[in-house]
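Asker: Okay, handing you the structure first.
The values are calculated or read from the model by the stated rules, or taken from the named source; none is laboratory data. In this text, all values refer to a predicted model and were calculated from it rather than measured experimentally. Backbone-built Cβ (ideal geometry, glycine too); neighbour counts: all protein chains shown. Side chains are part of the model used for accessible areas, which takes the heavy atoms of the whole protein and leaves out ligands, DNA and RNA. Shrake-Rupley method; radii C 1.70, N 1.55, O 1.52, S 1.80 Å.
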Amino acid sequence: MDITDLKNTFFKEFGEHPIIFRAPGRVNIIGEHTDYNDGLVLPFPVSQSIYLACSLRNDDEFHVFTVDLDQRAILKTGKNQSTNDWTRYFVSALRVLHEDNHKFKGLNIVTKGNIPFGAGISSSSALTCGFLYAIISLNNLPITKKDIVFIASRAENNTGLNGGKMDQFAICMGAKNKAIKLDCRDYSYELIENNMVGASWMLFNTNVEHNLAHTEYNLRRADCEEGLAIIQKSLPSIHSVRDLDMIILNNNKNRITSKQYDRLSHVILENERVTKMVKALKNNELFNAGQLLYDSHYSLSDLYEVSCKELDFIVEFLKDCDFCYGARMMGGGFGGCVIALIKKEGIEIDHLLSDYYNKFNLELTLIPVISSDGISRID
Ligand code: GLA
């Protein structure tokens, strides 16, 4: 990202010098559809980011120019109507700050980013967290980065996806060269070294955007909640899916639907895979790490039913490639990316690209990812 260019654009737009904030996208190594079930996740923030050039105004207005969309908007603290476009994240974030009685001045903002939109790398969470961080920093509000996780999550949930807090946590709390083992039951976390010898993380972007993703996501969450509620009727000591194990689940198999059984099995086993993956990362066990990725993929595809034919195709192809240790669909599902652990050398993907194009009439895009710092003021 050319920061000088961004500063010049800001100067042209507002006639002053800005302060620059950076909000990264995130990927998730393993622990999918576990965050809203009080489970474990292992994400990290990436170098692909949204940059916000900002200055404080003397009123309560937000004048925003997004370079990538070439669009402008003027918003007011807590007084905006709901929208369906990119401004909804700003509107929703302002509403949450207003609900919490925070008093602050508006900003002039120019945004520009390099997080591929719709690829499941959390560009919307990056935008929401970055916006909040800029407001909080320039107004000196007593709100920590960890608080932003919860504020941003409330704001985003109001825009339609009943999501967990993994994305916002990784974006706000992540650190360079680390992955975050996050426990979504109490939001305790551990930073894990994420520099494997001889291997790196690569995303394969399907370029598929499934327009049912939000609906299906909310339905999966409801499947888990409904299955849990039935089990809780006879076992009141079970507070969340996290308190279940396969023995308890199997003992209750006849009381819940087979779909609820499958969804809950996925979550229980996926939590176990996160713990195993942490061990594999710490000991540089590349084959074990790879196998956990494949296991996670089949669980997401068969039990949780959030994959799609394009994601499955890429994983099956990579399974036969010597340069790949393991791969799985990443994020909410129904499109987005496959995350793969690949060797640093000897990568041969021409066949994959052409086969994918011939089969789906879509480009397959490769996105190398490394763990970077979380949200920060950079200049
Ligand atoms: C989306 C949500 C996250 C998480 C993942 C699935 O990215 O925003 O909270 O639930 O899907 O693991």
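Asker: Between Asp322, Asp183, Asp38, find the one with the highest GNM mean-square fluctuation for the chain; connect C-alpha pairs within less than 10 Å.
Answerer: Among Asp322, Asp183, Asp38, the largest GNM mean-square fluctuation belongs to Asp322.
Asker: Additional query: Please list Lys145, Lys165 from largest to smallest accessible area, probe radius 1.4 Å, with all protein chains kept in place.
Answerer: These residues rank, largest area first, as Lys145, Lys165.
Asker: Something else about it: Using the basic label-point model (7 angstrom from Cα toward the beta carbon), what is the Asp312 to Asn218 distance in nanometres?
Answerer: The answer from the label model is 2.7 nm.
Asker: Further, regarding this structure: Leaving out ligands and nucleic acids, note down the accessible area per residue over the chain with a 1.4 angstrom probe, in whole Å².
Answerer: 43
Asker: Heavy atoms only, probe 1.4 Å: what % of the accessible area of segment 53-188 goes to carbon and sulfur, would you let me know?
Answerer: Answer for segment 53-188: carbon and sulfur cover 45 percent of the accessible area.
Asker: Can you give me the long-range amide H partners of Asp379? Hydrogens built in the peptide plane at 1.01 Å from N, cutoff under 5 Å, separation of 5 or more residues or another chain.
Answerer: Those lying under 5 Å, H to H, from Asp379 are Ile20.
Asker: Now for a different question. Could you rank Leu40, Leu56 by how accessible they are, 1.4 Å probe, largest area first?
Answerer: Ranking Leu40, Leu56 by accessible area, largest first, yields Leu56, Leu40.
Asker: Between segment 317-371 and segment 91-166, how far is it from one alpha carbon centroid to the other, in angstrom?
Answerer: 31
Asker: How far is it, in nm, from the label point at Lys105 to the one at Phe323 when both lie 7 Å from their Cα along the line to the Cβ?
Answerer: Placing both labels 7 Å along Cα→Cβ, they lie 5.3 nm apart.
Asker: Then there is this: Using the structure shown, select from Lys105/Lys146; Lys178/Lys259; Lys76/Lys181; Lys76/Lys165 the pairs with a Cα to Cα distance greater than 29 angstrom.
Answerer: Lys178/Lys259; Lys76/Lys181
Asker: Further question on the same structure: Using 0.36 nm per residue, how much length does the chain from Asn361 to Asn283 gain when fully extended, once their Cα-Cα distance is taken away?
Answerer: That pair, Asn361 and Asn283, stretches by 24.0 nm at full extension.
Asker: Percent of accessible area on segment 232-379 owned by carbon and sulfur, 1.4 Å probe?
Answerer: 50
Asker: Another one. Once you place label points 7 Å from the Cα toward the Cβ at Asn8 and Thr275, how far apart are they in nm?
Answerer: About 5.5 nm separates the two model spin labels.
Asker: Between the helical axis of 88-99 and the dominant principal axis of the chain, each derived from Cα atoms, what acute angle in degrees is found, rounded to the nearest 10?
Answerer: 80
Asker: Tell me, Kirkwood radius of the chain from alpha-carbon pair distances, in Å?
Answerer: Mean inverse Cα-Cα distance, inverted, gives 21.5 Å.
Asker: Sorted by average packing, counted as other Cβ atoms within 10 angstrom per residue and highest first, what order do 84-95, 122-133 take?
Answerer: 122-133, 84-95
Asker: Under 1.5 on a/c is rounded, so check that first for segment 199-368, then, if it is not, pick prolate when a/b is larger than b/c and oblate when it is not; a ≥ b ≥ c are the square roots of the alpha carbon gyration tensor eigenvalues.
Answerer: Oblate shape, in that a/c is at least 1.5 and b/c is the bigger or equal ratio.
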